[in-house]
Amino acid sequence: MNVKKLLIVPLFAVAFLSFKPIDKKIIVIDAGHGGNDMGAIYDGVSEKQIVLDIASKIKQHNQDLDDYEIVLTRDSDAYATLADRTAMINKLNPEMVISLHINRSPAKESAIKGHEIFTQNTEASKSLAEKISKKFGECKIEEKNLHILRESKSPAVLVELGFINNTEDRKYLISETGQKEVAKKFIEIITEK
(Lines give C-alpha, C1' and ligand atoms only; values in the text may rest on other atoms or scores of the structure.)
Protein backbone atom coordinates (compact mmCIF):
# COMPACT_ATOMS: atom_id res chain seq x y z
CA MET A 1 0.00 0.00 0.00
CA ASN A 2 1.15 3.51 -0.77
CA VAL A 3 2.56 5.38 2.26
CA LYS A 4 0.99 8.66 1.08
CA LYS A 5 -2.48 7.08 1.18
CA LEU A 6 -1.84 5.83 4.71
CA LEU A 7 -0.98 9.36 5.85
CA ILE A 8 -3.87 11.10 4.07
CA VAL A 9 -6.63 9.04 5.70
CA PRO A 10 -5.61 9.77 9.33
CA LEU A 11 -4.98 13.45 8.54
CA PHE A 12 -8.41 13.76 6.91
CA ALA A 13 -10.03 12.00 9.88
CA VAL A 14 -8.34 14.34 12.38
CA ALA A 15 -9.29 17.42 10.35
CA PHE A 16 -12.88 16.26 9.92
CA LEU A 17 -13.34 15.31 13.57
CA SER A 18 -11.82 18.57 14.80
CA PHE A 19 -14.06 20.65 12.51
CA LYS A 20 -16.54 22.60 14.59
CA PRO A 21 -19.42 24.14 12.67
CA ILE A 22 -19.81 27.87 13.15
CA ASP A 23 -23.14 28.34 14.83
CA LYS A 24 -22.67 31.75 16.38
CA LYS A 25 -25.17 34.55 16.71
CA ILE A 26 -24.04 37.60 14.74
CA ILE A 27 -23.98 40.99 16.46
CA VAL A 28 -23.43 44.05 14.27
CA ILE A 29 -21.74 47.10 15.75
CA ASP A 30 -22.15 50.13 13.51
CA ALA A 31 -19.55 52.86 14.11
CA GLY A 32 -21.38 55.89 12.76
CA HIS A 33 -20.00 58.26 10.12
CA GLY A 34 -16.45 57.73 8.73
CA GLY A 35 -14.30 59.06 5.90
CA ASN A 36 -15.31 62.62 4.95
CA ASP A 37 -18.33 62.36 7.25
CA MET A 38 -16.83 63.48 10.56
CA GLY A 39 -20.04 63.46 12.60
CA ALA A 40 -19.96 65.82 15.56
CA ILE A 41 -16.67 67.68 16.07
CA TYR A 42 -15.36 69.61 19.04
CA ASP A 43 -11.90 71.09 19.50
CA GLY A 44 -10.28 68.68 17.02
CA VAL A 45 -12.08 65.63 18.42
CA SER A 46 -14.39 63.83 16.00
CA GLU A 47 -17.36 61.57 16.61
CA LYS A 48 -16.29 59.25 13.78
CA GLN A 49 -12.99 58.43 15.51
CA ILE A 50 -14.40 57.97 19.02
CA VAL A 51 -17.10 55.53 17.88
CA LEU A 52 -14.62 53.61 15.70
CA ASP A 53 -12.25 53.27 18.66
CA ILE A 54 -15.06 51.96 20.88
CA ALA A 55 -16.40 49.60 18.17
CA SER A 56 -12.87 48.21 17.72
CA LYS A 57 -12.58 47.61 21.46
CA ILE A 58 -15.91 45.76 21.43
CA LYS A 59 -14.64 43.61 18.54
CA GLN A 60 -11.45 42.81 20.50
CA HIS A 61 -13.62 40.89 22.97
CA ASN A 62 -14.80 38.58 20.18
CA GLN A 63 -12.27 35.86 21.03
CA ASP A 64 -13.80 35.70 24.54
CA LEU A 65 -17.28 34.96 23.16
CA ASP A 66 -18.25 31.37 22.44
CA ASP A 67 -21.76 32.01 21.13
CA TYR A 68 -21.38 35.35 19.33
CA GLU A 69 -19.57 36.77 16.31
CA ILE A 70 -19.15 40.55 16.36
CA VAL A 71 -19.15 42.20 12.94
CA LEU A 72 -18.33 45.89 12.41
CA THR A 73 -19.90 47.92 9.61
CA ARG A 74 -16.53 49.64 9.34
CA ASP A 75 -13.15 48.82 10.86
CA SER A 76 -11.26 51.81 9.47
CA ASP A 77 -11.83 55.48 8.69
CA ALA A 78 -13.92 54.64 5.63
CA TYR A 79 -17.31 55.97 4.64
CA ALA A 80 -20.16 53.65 3.75
CA THR A 81 -23.57 55.01 2.84
CA LEU A 82 -26.48 54.25 5.12
CA ALA A 83 -27.98 52.15 2.32
CA ASP A 84 -24.74 50.11 2.10
CA ARG A 85 -24.70 49.63 5.87
CA THR A 86 -28.29 48.44 6.07
CA ALA A 87 -27.85 46.17 3.02
CA MET A 88 -24.87 44.54 4.80
CA ILE A 89 -26.85 44.24 8.04
CA ASN A 90 -29.84 42.65 6.34
CA LYS A 91 -27.63 40.20 4.45
CA LEU A 92 -26.03 39.09 7.75
CA ASN A 93 -29.41 38.82 9.52
CA PRO A 94 -27.85 39.52 12.95
CA GLU A 95 -29.26 38.91 16.40
CA MET A 96 -29.01 42.66 17.07
CA VAL A 97 -27.57 45.91 15.67
CA ILE A 98 -26.04 48.59 17.87
CA SER A 99 -25.22 51.85 16.08
CA LEU A 100 -22.76 54.03 18.01
CA HIS A 101 -22.86 57.83 17.88
CA ILE A 102 -21.87 60.90 19.90
CA ASN A 103 -24.29 63.77 20.46
CA ARG A 104 -23.73 67.52 20.25
CA SER A 105 -25.91 70.29 21.60
CA PRO A 106 -26.13 73.73 19.93
CA ALA A 107 -24.14 75.49 22.71
CA LYS A 108 -20.36 75.83 22.36
CA GLU A 109 -19.78 74.14 25.72
CA SER A 110 -22.72 72.03 26.82
CA ALA A 111 -24.07 71.54 30.32
CA ILE A 112 -26.17 68.71 28.84
CA LYS A 113 -24.50 65.33 29.19
CA GLY A 114 -25.25 61.64 29.16
CA HIS A 115 -26.51 59.14 26.67
CA GLU A 116 -29.74 58.68 24.71
CA ILE A 117 -31.08 55.64 22.91
CA PHE A 118 -33.26 55.60 19.81
CA THR A 119 -35.28 52.53 18.84
CA GLN A 120 -37.31 50.95 16.08
CA ASN A 121 -41.02 50.36 16.53
CA THR A 122 -40.43 46.77 17.68
CA GLU A 123 -40.53 45.10 21.08
CA ALA A 124 -37.08 43.53 20.51
CA SER A 125 -35.53 46.95 19.81
CA LYS A 126 -37.20 48.50 22.85
CA SER A 127 -36.11 45.57 25.03
CA LEU A 128 -32.49 45.99 23.86
CA ALA A 129 -32.72 49.73 24.62
CA GLU A 130 -33.93 48.94 28.16
CA LYS A 131 -30.96 46.61 28.73
CA ILE A 132 -28.55 49.31 27.53
CA SER A 133 -30.24 51.93 29.71
CA LYS A 134 -29.96 49.71 32.80
CA LYS A 135 -26.27 49.00 32.13
CA PHE A 136 -25.26 52.61 31.36
CA GLY A 137 -27.69 54.36 33.72
CA GLU A 138 -31.29 55.34 33.09
CA CYS A 139 -31.70 57.61 30.09
CA LYS A 140 -34.11 58.89 27.50
CA ILE A 141 -35.34 56.13 25.17
CA GLU A 142 -37.26 57.28 22.13
CA GLU A 143 -38.60 55.63 19.00
CA LYS A 144 -37.17 57.44 15.99
CA ASN A 145 -37.49 57.17 12.22
CA LEU A 146 -33.77 57.01 11.39
CA HIS A 147 -32.49 55.13 8.32
CA ILE A 148 -30.40 52.56 10.22
CA LEU A 149 -33.40 51.76 12.46
CA ARG A 150 -36.09 51.92 9.79
CA GLU A 151 -34.25 49.82 7.18
CA SER A 152 -32.63 47.21 9.45
CA LYS A 153 -34.76 44.07 9.59
CA SER A 154 -33.05 42.91 12.78
CA PRO A 155 -33.60 44.48 16.21
CA ALA A 156 -31.59 47.71 16.15
CA VAL A 157 -30.84 50.65 18.41
CA LEU A 158 -28.90 53.86 17.90
CA VAL A 159 -26.97 54.88 21.02
CA GLU A 160 -25.75 58.43 21.54
CA LEU A 161 -22.93 57.71 24.01
CA GLY A 162 -22.63 61.26 25.35
CA PHE A 163 -22.16 64.87 24.26
CA ILE A 164 -18.93 65.77 22.50
CA ASN A 165 -19.23 69.39 23.68
CA ASN A 166 -19.68 68.41 27.33
CA THR A 167 -16.24 68.37 28.98
CA GLU A 168 -16.95 65.41 31.28
CA ASP A 169 -18.50 63.23 28.54
CA ARG A 170 -15.76 64.10 26.02
CA LYS A 171 -12.87 63.39 28.39
CA TYR A 172 -14.40 60.05 29.36
CA LEU A 173 -15.17 58.96 25.79
CA ILE A 174 -11.73 59.81 24.40
CA SER A 175 -9.89 58.18 27.32
CA GLU A 176 -8.59 54.63 27.03
CA THR A 177 -10.25 53.78 30.35
CA GLY A 178 -13.62 55.21 29.28
CA GLN A 179 -13.57 53.42 25.93
CA LYS A 180 -12.68 50.09 27.56
CA GLU A 181 -15.46 50.51 30.13
CA VAL A 182 -18.03 51.33 27.44
CA ALA A 183 -16.90 48.34 25.33
CA LYS A 184 -17.09 46.02 28.36
CA LYS A 185 -20.64 47.17 29.13
CA PHE A 186 -21.73 46.40 25.55
CA ILE A 187 -20.17 42.93 25.77
CA GLU A 188 -22.10 42.32 29.01
CA ILE A 189 -25.33 43.45 27.29
CA ILE A 190 -24.67 41.18 24.28
CA THR A 191 -24.01 38.11 26.41
CA GLU A 192 -26.78 38.77 28.95
CA LYS A 193 -29.26 35.88 28.98
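The values are calculated or read from the model by the stated rules, or taken from the named source; none is laboratory data. Please read all numbers here as calculations on a predicted model, not as lab measurements. Using ideal geometry, Cβ is built from the backbone for each residue, glycine included, and neighbour counts are taken over all protein chains shown. Side chains included, ligands, DNA and RNA excluded: accessible areas come from the protein's heavy atoms. Shrake-Rupley method; radii C 1.70, N 1.55, O 1.52, S 1.80 Å.
Measure nothing fancy, just the Cα-based angle from helix 3-18's long axis to the longest principal axis of the chain, in degrees from 0 to 90, nearest 10.
Once rounded, one gets 40 degrees.
Provide Tyr68, Tyr172 ordered by accessible surface of protein heavy atoms (probe 1.4 Å), highest first.
Solvent-accessible surface, decreasing: Tyr172, Tyr68.
Ordering Arg104, Arg74 by how much accessible area each has at a 1.4 Å probe, largest first, what is the list?
Accessible-area ranking of Arg104, Arg74, largest first: Arg104, Arg74.
How large is Rg over Rh for the stretch 32-188, taking Rg from the Cα atoms and Rh as the Kirkwood inverse mean of 1/r across Cα pairs?
0.93
So what's the angle, to the nearest 10 degrees on a 0 to 90 scale, between helix 47-60 and the longest Cα principal axis of the chain?
Value to nearest ten degrees: 30.
Rounded to whole Hz and in sequence order, give me ³J(HN,Hα) for the stretch 105-116 from the Karplus expression 6.51 cos²θ - 1.76 cosθ + 1.60, θ = phi - 60°, writing x for Gly and Pro.
8, x, 5, 4, 10, 9, 7, 6, 8, x, 9, 9
Gain in length, Asp37 to Lys126, computed as 0.36 nm per residue apart minus the alpha-carbon separation, to one decimal in nm?
29.2 nm
Amide H of Met96 versus every other amide H placed in the peptide plane: which residues, excluding those fewer than 5 positions away on the same chain, fall under 5 Å?
Long-range HN contacts for Met96: Val28.
Given a 1.4 Å probe and heavy atoms of the protein chains only, how would you sort Val159, Val71, largest accessible area at the top?
Sorted descending by solvent-accessible area, the residues read Val71, Val159.
At 0.36 nm per residue, and after removing the present C-alpha to C-alpha distance, how many nm does the segment from Lys134 to Asn93 gain when stretched out fully?
Separation in residues times 0.36 nm, less the Cα-Cα distance, equals 12.2 nm.
Just how much of Leu161 is accessible, in Å², when a 1.4 Å probe is used and the result is rounded to the nearest 10?
That residue has around 20 Å² of solvent-accessible surface.
If you average the C-alpha positions of the stretch 114-183 and of the stretch 51-70 separately, how far apart do those two centres end up, in angstrom?
First find each Cα centre; the distance between them is then 17 Å.
With everything on Cα atoms, drop me the angle between helix 82-92 and the longest principal axis of the chain, reported from 0 to 90° to the nearest 10.
The helix 82-92 is inclined about 40 degrees to the chain.
Give the accessible surface of the chain per residue, rounded to a whole number of Å², with probe radius 1.4 Å and ligands, DNA and RNA excluded.
Normalised by residue count, the accessible surface of the chain is 56 Å².
Give me the percent of accessible area attributable to carbon and sulfur for the chain, probe 1.4 angstrom.
Carbon and sulfur atoms account for 56 percent of the accessible area of the chain.
Rounded to the nearest 500, what is the chain's calculated 222 nm mean residue ellipticity when only DSSP H runs of at least 4 contribute -39500 (n - 2.57) each, over all residues?
Helices in the chain give a 222 nm mean residue ellipticity of -13500 deg cm²/dmol.
Given the peptides 131-143, 180-192, arrange them by the average over their residues of other C-beta atoms within 10 Å, most packed first.
Put in order of decreasing packing, that is 180-192, 131-143.
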